[in-house]
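Novice: Here you go, one structure.
The values are calculated or read from the model by the stated rules, or taken from the named source; none is laboratory data. Note that the structure is predicted; figures quoted are calculated from it, not measured. With ideal geometry, Cβ positions are generated from the backbone for all residues, glycine too; neighbour counts draw on all protein chains shown. Surface areas here come from the heavy atoms of the whole protein model, side chains and all, with no ligands, DNA or RNA. Shrake-Rupley method; radii C 1.70, N 1.55, O 1.52, S 1.80 Å.
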Amino acid sequence: MKYLKWKYKEGFIISFGLLLLGFAMEFFLGNHKIKLSWPVNIYCALGFISLMGIINYYYRGHQIVKWLSSKYASVSIISTFSLLVLLIGFIPQSGSFANNAISRLGLNSLTSSWPFSIIILYFLSVLGFVILKKLTPLKRKNIGFLLNHTGLWVIAFAAGLGNGDFKRLVMEANLDNTVWHAFDRNNKTYEMPLAIRLIKFDIESYNPKIAVIDKVTGKISGKRNKNVSTIEKTKQIIMGEFNITINKFYKESYWFGSLFKPVEYTGAAPSALISVVNINSGDTIQGWITSGSYKLRAQSLQLDENNLLVMLSPEPRRFSSEVQVITKSGSRKRAIIEVNKPYKIMGWNLYQLGYNQKMGKWSEISIIELVRDPWLPVVYVGIFMLIAGAIFMFWQGKRILD
Amino acid sequence: MIWVNYPLVAGIIFCFWIAAIIIYASSGGKKIFNVLGGVLTVIGIISLMVFIITLWNSLERPPLRTLGETRLWYSFFLPLTGFITYLRWKYKWFLSYSLGMAILFLVINYFNPETFDKTLMPALQSPWFIPHVIVYIFSYALLAASSLVAIKGLYLVYSGRPWFNTLFLADNLVYIGFAFLTLGLLFGALWAKAAWGHYWTWDPKETWAFLTWLGYLIYIHLRFFHPKKIKFQLWVLALAFVILIICWFGINYLPSAQNSVHTYNSKVN
């Protein structure tokens, strides 16, 4: 059998040729917008895998198949793919469709463009043949290699094919009604198999910080780390020439004409009664400060000609929505949805996404994101193979290839 | 406030490590000096570890958020890597280099301490936070070291001296560093699923982390396929580190990164 004498030159001609072909198609045909969804994607998956298997079984000695699993094909496609990712790294992926060169070539929506899809397909073929070559016959010393390469192949394959089944919608839950519909990014409405009713939205906050700021610029005076401090149990803080004592501190309070009282009204704000001694001059000032809320104006304390003592808005510790989730079959479940802690039901993941920022903690709505990704388990198989491969690699060091 | 104690602790560690470097440089192969240098190095590492643990306790959150805090971990892991490498392969110069780098980061933190406040935004409160960041920092420490080895390798190659052992060290560092880089990337993906609903969104930081990964991937494949063509590969290794630096620091300055979810300087959305 003849042996193909193609090397790096030919490897790069092929992969760059495919890249250029992709850009040409993008330019003349526009963004492909192909989203393979169930069950077409599973047929494509099985078709692709069978085709690779058949070719490998009957034609593995063929010069082209041999070449596709060669180092020349591998390095040239990894490099070309890296180049494409480099473009994604530099060009903002806004995805808008203005009639200029960047958008005509799909450069601002590369991940859904022809060149990207074509390169990925070629990448999957090369990587696939590389794996098949090492897979038969299966040798123990190749386990690390196979975990790494197959893991990557599975991730890329499943992520690409599952893209069409990936759903990401947004629901605006409120206190008054049970909401059955959700929106996608283009504001298209969807009737959902589940409904959400908000029971209570809440923000837990850290204690606020106090800071000495420059009256004119509004920026923190002097050294940043010396002139800001979180209100804590310690009552005495020295900031520059000011000796600050916190006499009273309320996490939630309201202004009653001359003083703050702790209350849990809607629109309550943190406040503190502060006395400040100027270490240089000995002057003493006393007064209330608050970071304010949507109902309450912020109050600060004038320390001298240039400096103000202010309370900064408290930083959130935890966003949460207590909700009732109702399904079409009539089941009702209470759930708490938090950032980093989605709630899973009927193949959907529910995420805390937003709220009415003006009202903050007292928001009467909570924006919940609903995500469905049926191919996720396949991607996870790939991810865990790659994790196992990485551990293998760490353990073996360079020997893995020797 | 534990940060008040930093100058003292850092000062002590600084002295130990400088002493260790001097001892290593002048030991001339005497075993007793090597042992003494090792003891000083280890005392420094343990002191820094104790400081980090205390800081962690007082902040009531892992100190992994600000650049200043990650510099502390860097100063901790660099000498640790250097020392383990030293025990395994006896590269004294490499240990001295990692100590030097660690000292540099300690000094930067002394002159430029960040506000070490207690707040940690909800998006960062996750069991994935610590493994994700620590694995990355460890990986960056190793890969930074490998790029320095690459520069030394280039010098040796161009001046016609023997380079085999140097390249062997570079490869080992890249292999272990790359394994950790992969773990960091994948932990990030698993975390992203829990925090943002999808494991991969081509966020600029993700894209650049992936590019970094691809850079070292190319190096590994070239080394494997062409073990004798070293000049080009050493340049690839040096270049891969440039991408890593862009990913780590430069990302905030790129036009493509204006809406990155990895920019934690601004308030929560």
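Novice: Pull up all non-local amide H partners of A:N356: gap of 5 or more, or a different chain, and H-to-H distance under 5 Å with H placed in the peptide plane.
Specialist: Excluding prolines and chain starts, which carry no amide H, the hits are A:E364, A:I365.
Novice: Can you pull the mean other chain C-beta count within 10 Å for peptide B:227-237? Intermediate results must be reported in sequence, preceding the final value.
Specialist: Working: counts 2, 0, 0, 0, 0, 0, 0, 0, 0, 0, 0.
Counting Cβ atoms of other protein chains within 10 Å of each residue's Cβ and averaging gives 0.
Novice: Let me ask something else. So how strong a dipole does region A:259-383 carry about its Cα centre when Lys and Arg Cβ are +1 and Asp and Glu Cβ are -1, to the nearest 20 debye? Could you put the intermediate results ahead of the total?
Specialist: Details: 14 positive and 10 negative charges, 179 e Å.
About 860 debye.
Novice: Return the whole-Å distance between the Cα centroid of region B:162-208 and the Cα centroid of region A:240-260.
Specialist: 48
Novice: How crowded by other chains is A:155-162, given as the mean number of beta carbons from other chains within 10 Å of each beta carbon? Could the numbers behind the result be given before it?
Specialist: Numbers: counts 4, 0, 0, 0, 3, 0, 0, 0.
Mean inter-chain Cβ contacts per residue within 10 Å come to 1.
Novice: With solvent modelled as a 1.4 Å probe, how much accessible area in total do chains A and B shield from it at their shared surface, in Å² to the nearest 100?
Specialist: Working: alone 23810 and 13960 Å², together 32750 Å².
Looking at A and B, the buried total is near 5000 Å².
Novice: Here's another thing I want to ask about it. Quick one: P(r) of the protein assembly as shown from all Cα-Cα pairs, 10 Å bins, percents rounded to integers, in order of increasing distance.
Specialist: 3, 12, 20, 22, 19, 14, 7, 2, 0, 0
Novice: To the nearest 20 Debye, how big is the dipole of the protein assembly as shown about its Cα centre, given +1 on the beta carbon of each Lys and Arg and -1 on that of each Asp and Glu?
Specialist: Working: 65 positive and 31 negative charges, 482 e Å.
Using Cβ point charges on Lys, Arg, Asp and Glu, the protein assembly as shown gives about 2320 debye.
Novice: Sticking with this one: Do you know the relative contact order of region B:123-258, to the nearest whole percent, from alpha carbon pairs under 8 angstrom that are 6+ apart?
Specialist: Numbers: 136 pairs, mean separation 39.5, N = 136.
Value for region B:123-258: 29 percent.
Novice: Please compute the modelled spin-label separation between B:I130 and B:A25, points set 7 Å along Cα→Cβ, answer in nm with one decimal.
Specialist: Here the answer is 3.8 nm between the modelled labels.
Novice: Treating only the Cα positions of chain A as identical point scatterers, give the base-10 log of I(q)/I(0) from the Debye formula at each q in 0.13 Å⁻¹.
Specialist: Debye curve over Cα of chain A, log10 I(q)/I(0) at q = 0.13 Å⁻¹: -1.10.
Novice: To continue, here is another question. Shielding of B:190-197 by partners, i.e. mean partner chain Cβ atoms within 10 Å per residue? Spell out each step's value before the answer.
Specialist: Details: counts 4, 1, 0, 8, 6, 5, 7, 12.
Whole-number average of other-chain Cβ neighbours for B:190-197 is 5.
Novice: Quote the relative contact order of chain A in percent (integer), defining contacts as alpha-carbon pairs under 8 Å separated by 6+ residues. List each step's numbers first, then the result.
Specialist: On the way: 706 pairs, mean separation 67.2, N = 402.
RCO, chain A: 17 percent.
Novice: Ok, one more. Would you kindly derive the ³J(HN,Hα) couplings of region A:137-151 from the backbone phi angles with the Karplus curve 6.51 cos²θ - 1.76 cosθ + 1.60 (θ = phi - 60°), listing them in order in whole Hz, with x for Gly and Pro?
Specialist: In residue order, the calculated couplings are x, 6, 10, 4, 5, 8, 4, x, 4, 5, 4, 5, 6, 5, x Hz.
Novice: Let me ask another. As an exercise, use a Förster radius of 25 Å and the Cβ-Cβ distance of B:L8 and A:I238 to find the FRET efficiency, rounded to the nearest 0.05. Kindly include the intermediate steps, with their values, before the conclusion.
Specialist: Details: r = 19 Å, r/R0 = 0.78.
Result of the calculation: an efficiency of 0.80.
Novice: Once all Cα-Cα distances of region B:123-258 are split into 10 Å bins that start at 0, what whole-number percent is in each one?
Specialist: Calculated over all Cα pairs of region B:123-258, the distribution is 12, 40, 30, 14, 4, 0 percent.
Novice: Work out from phi, with θ = phi - 60° and the Karplus expression 6.51 cos²θ - 1.76 cosθ + 1.60, the ³J(HN,Hα) of each residue of region A:376-392, listed in order in whole Hz, and give x for Gly and Pro.
Specialist: Along region A:376-392, the couplings run 3, x, 5, 4, 5, 4, x, 4, 6, 5, 5, 4, 4, x, 5, 5, 3 Hz.
Novice: For B:F232, what accessible surface area do you get with a 1.4 Å probe? Give it in Å², rounded to 10.
Specialist: 140
Novice: Convert each backbone phi in region A:200-208 into a coupling constant with the Karplus relation 6.51 cos²θ - 1.76 cosθ + 1.60 (shift: θ = phi - 60°), then list the ³J(HN,Hα) values in order as whole Hz, x for Gly and Pro.
Specialist: 7, 9, 8, 10, 8, 10, 6, 4, x
Novice: Let me ask you something else. A:I285 to A:V263: FRET efficiency via 1/(1 + (r/R0)^6), r the Cβ-Cβ distance, R0 25 Å, to the nearest 0.05?
Specialist: 0.45
Novice: Measuring from label point to label point, each 7 Å out along Cα→Cβ, what is the B:W56 to B:R161 span in nm?
Specialist: Placing both labels 7 Å along Cα→Cβ, they lie 4.0 nm apart.
Novice: Can you tell me the length gained on complete extension of the stretch A:N177 to A:F48, counting 0.36 nm per residue apart and subtracting the Cα distance?
Specialist: Working: separation 129, 0.36 × 129 = 46.44 nm, distance 4.75 nm.
Gain on stretching A:N177 to A:F48: 41.7 nm.
Novice: So, with a 1.4 angstrom probe, what is the percent of accessible area on region B:108-261 that is carbon and sulfur? Don't jump to the answer; show the numbers that get you there.
Specialist: Values: 4160 of 5920 Å².
Summing carbon and sulfur atoms, their accessible area is 70 percent of the total for region B:108-261.
Novice: How high is the relative contact order of region A:33-142? Use alpha-carbon pairs under 8 Å, at least six apart in sequence, and give a whole percent.
Specialist: Values: 63 pairs, mean separation 32.9, N = 110.
The value is 30 percent.
Novice: Can you send over the solvent-accessible area of B:R71, 1.4 Å probe, protein chains only, in Å² to the nearest 10?
Specialist: It works out to around 30 Å².
Novice: Tell me which of A:L132, A:N278, A:S82 sits at the most positive position along the dipole axis of chain A, charges placed on C-beta atoms (Lys, Arg +1; Asp, Glu -1).
Specialist: Farthest towards the positive pole: A:L132.
Novice: Could you grab the Rg to Rh ratio for region A:207-314? Cα atoms only, Kirkwood for Rh.
Specialist: Details: Rg = 13.3 Å, Rh = 13.9 Å.
Expressed as Rg/Rh, it is 0.95.
Novice: In chain B, with Lys and Arg counted as +1 and Asp and Glu as -1 at Cβ, which of these residues, B:I52, B:I22, B:V4, has the Cα nearest the positive end of the dipole, that is, farthest along it?
Specialist: B:I22
Novice: So how strong a dipole does chain A carry about its Cα centre when Lys and Arg Cβ are +1 and Asp and Glu Cβ are -1, to the nearest 20 debye?
Specialist: In total the dipole reaches around 1660 debye.
Novice: Further question on the same structure: Positive end of the dipole of chain A, charges at C-beta (+1 Lys, Arg; -1 Asp, Glu), about the Cα centre: which of A:F16, A:S321, A:L175 has its Cα farthest in that direction?
Specialist: So the residue furthest toward the plus end is A:F16.
Novice: Please calculate how many Å² of accessible area the protein assembly as shown carries per residue, with a 1.4 Å probe and no DNA, RNA or ligand atoms counted.
Specialist: Working: 32750 Å² over 671 residues.
Per residue, the protein assembly as shown has an accessible area of 49 Å².
Novice: Under the rule of at least 5 residues apart or a separate chain, name every residue whose amide H is placed under 5 Å from the amide H of A:L303.
Specialist: A:L308, A:L309
Novice: Which far-off residues, 5 or more places away or on another chain, put their amide H under 5 Å from the one on A:R317, with H placed in the peptide plane?
Specialist: A:E204, A:S205, A:Y206
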